[in-house]
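The block underneath contains the structure these notes are about, expressed in structure tokens.
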Amino acid sequence: MRSGKFASLCLLLLAVGLAAGNYWTATHRSTIPLSLNGTVTKTEQRFEKHHGKDDVYLLWIDDVEYQVDRTLFEEVAQGDTLQKPAWSKQVLVSGRSVTLGYSKDWSGMLIAMPLVVCIFVATIVFSLRLAATEPTIDSRAAKANS
Amino acid sequence: MSTSTKLQLLAIVPALAIGVIFELFLGHRHDYTGHYGAGYGASLVLGSLWMRWRNDRNCSLEDHRWIVGVVLLCIAAGFVTESTIFRFARFDWIDFCSQSLGAVLAGVVLVGWHSRRTDNELISAGLVVGVILLGVGASYAVG
């Protein structure tokens, strides 16, 4: 059963990492954790499957690509300069102050991902308990033969 | 309740609970729920088939490493499909992480099922639940 516990621990670590990945991606798109200092060289809105719901907003700042939330995208145009320190909610767009906020994705992830991890923990405990209490078909066959 | 029923519920209840959480808190993006469901369904199908294959070859019951291997394989396959045939506007890390969470949950179910891998009903249940959730997930992801 040690092998089962080890596999479960690996799976739990993977789940925590992926849940954190979801949360961090939503946080990164707000640009709040980023330090920005440069010129917008290109902007582009791309469409996915559901126009207006899952559109992708891209900015190139000094030719480096960033996927951002709609709030910031709508405030900037090609040629604007952006300035902000990391973790500030205020960004200077060509000298004009713009307040950043978190998206619905971010607030959803903030609650959903910890709950998902809790369900993983409960499922792993239940799964290991079931595997430990129930004799395996192999062991029952061995017992019957003896 | 028999252990067999508990093991079958293990494949359904946590998967649905996480699906409900996605819909409750991220319901403005059904495609996230869809990616999670499709990742879970596809991985449960592959894991159940792998379990059958190992059973046919009388592989060790003490070795659970194959489950982590199958999960990593499913995550890698999801990365490739998300980068190629399902890449519409851009590679979406949230789609990828959500479908991978589904794959990891399928792995947790397989850990619970491992000691009863010769139970053909269980493997059939895995295939049925997996195909249904793959279909529902795919329709949520693109529908």
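Put +1 on the Cβ of every Lys and Arg and -1 on every Asp and Glu Cβ in the range B:44-143; which of B:GLY130, B:LEU110, B:ALA76 then has its Cα farthest towards the positive end of the dipole?
B:ALA76
Only counting other Cβ atoms within 10 Å, I'd like B:ARG57, A:ARG70 sorted with the fewest neighbours first.
On the way: B:ARG57 7, A:ARG70 13.
Taking fewest neighbouring Cβ atoms as first place, the list is B:ARG57, A:ARG70.
Taking the Cα centre of the range B:3-142 as origin, work out the dipole magnitude from +1 charges on Lys and Arg Cβ and -1 charges on Asp and Glu Cβ, in debye rounded to 20.
Numbers: 10 positive and 10 negative charges, 38 e Å.
Taking the Cα centre of the range B:3-142 as origin, the dipole is about 180 debye.
Taking the Cα atoms only, what angle lies between the long axis of helix A:104-133 and the longest principal axis of chain A, rounded to 10 degrees?
Taking Cα atoms only, the helix is inclined about 10 degrees.
List the pairs from A:LYS42/A:LYS89; A:LYS53/B:LYS6; A:LYS49/A:LYS89; A:LYS5/A:LYS53; A:LYS49/B:LYS6; A:LYS5/A:LYS49 whose alpha-carbon separation is above 32 Å, in the order I gave them. Spell out each step's value before the answer.
Numbers: A:LYS42/A:LYS89 22 Å; A:LYS53/B:LYS6 39 Å; A:LYS49/A:LYS89 30 Å; A:LYS5/A:LYS53 41 Å; A:LYS49/B:LYS6 38 Å; A:LYS5/A:LYS49 40 Å.
As for pairs spanning more than 32 Å Cα to Cα, those are A:LYS53/B:LYS6; A:LYS5/A:LYS53; A:LYS49/B:LYS6; A:LYS5/A:LYS49.
Please identify, among A:VAL64, A:VAL93, A:VAL116, the residue showing maximal mean-square fluctuation in a Gaussian network model of chain A using a 10 angstrom Cα cutoff.
Maximum fluctuation in the GNM of chain A, among the listed residues, is at A:VAL64.
Would you work out the relative contact order for chain B, in percent, from Cα pairs under 8 angstrom that are 6 or more residues apart?
Values: 183 pairs, mean separation 67.7, N = 143.
The normalised contact order for chain B reaches 47 percent.
Return a whole-number percent for the relative contact order of the range A:34-101, with Cα pairs under 8 Å and 6 or more residues apart as the contact set. List each step's numbers first, then the result.
On the way: 132 pairs, mean separation 22.6, N = 68.
Relative contact order for the range A:34-101 comes out at 33 percent.
If you take each beta carbon of peptide A:98-110 and count the beta carbons of other chains within 10 angstrom, what is the mean?
Numbers: counts 0, 0, 0, 0, 0, 1, 5, 6, 0, 2, 9, 5, 1.
The shielding value for this peptide is 2.
Sort A:PHE126, B:PHE25 so that the residue with the fewest other Cβ atoms within 10 Å of its own Cβ comes first and the one with the most comes last.
Listing A:PHE126, B:PHE25 from fewest to most nearby Cβ atoms yields A:PHE126, B:PHE25.
Taking Cα pairs under 8 Å and at least six residues apart, what relative contact order does chain A come out at, in percent?
Details: 184 pairs, mean separation 36.5, N = 146.
About 25 percent, as a whole number.
If the only charges are +1 at each Lys and Arg Cβ and -1 at each Asp and Glu Cβ, what is the size of the charge dipole of the protein assembly as shown around the Cα centre, to the nearest 20 debye? Display every interim value, and only then the final one.
Values: 25 positive and 24 negative charges, 178 e Å.
That gives the protein assembly as shown a dipole magnitude of about 860 debye.
Considering the dipole of the protein assembly as shown built from charges on the beta carbon (Lys and Arg +1, Asp and Glu -1) around the Cα centre, which of B:GLY41, A:ILE111, B:PHE86 is farthest to its positive end?
B:GLY41
Each value in this text was obtained by applying a stated rule to the coordinates, not by laboratory testing. This structure is a prediction, so every number in the text was calculated from the model and none was measured. Please note: Cβ atoms are built from the backbone with ideal geometry, for glycine as well, and neighbour counts cover all protein chains shown.
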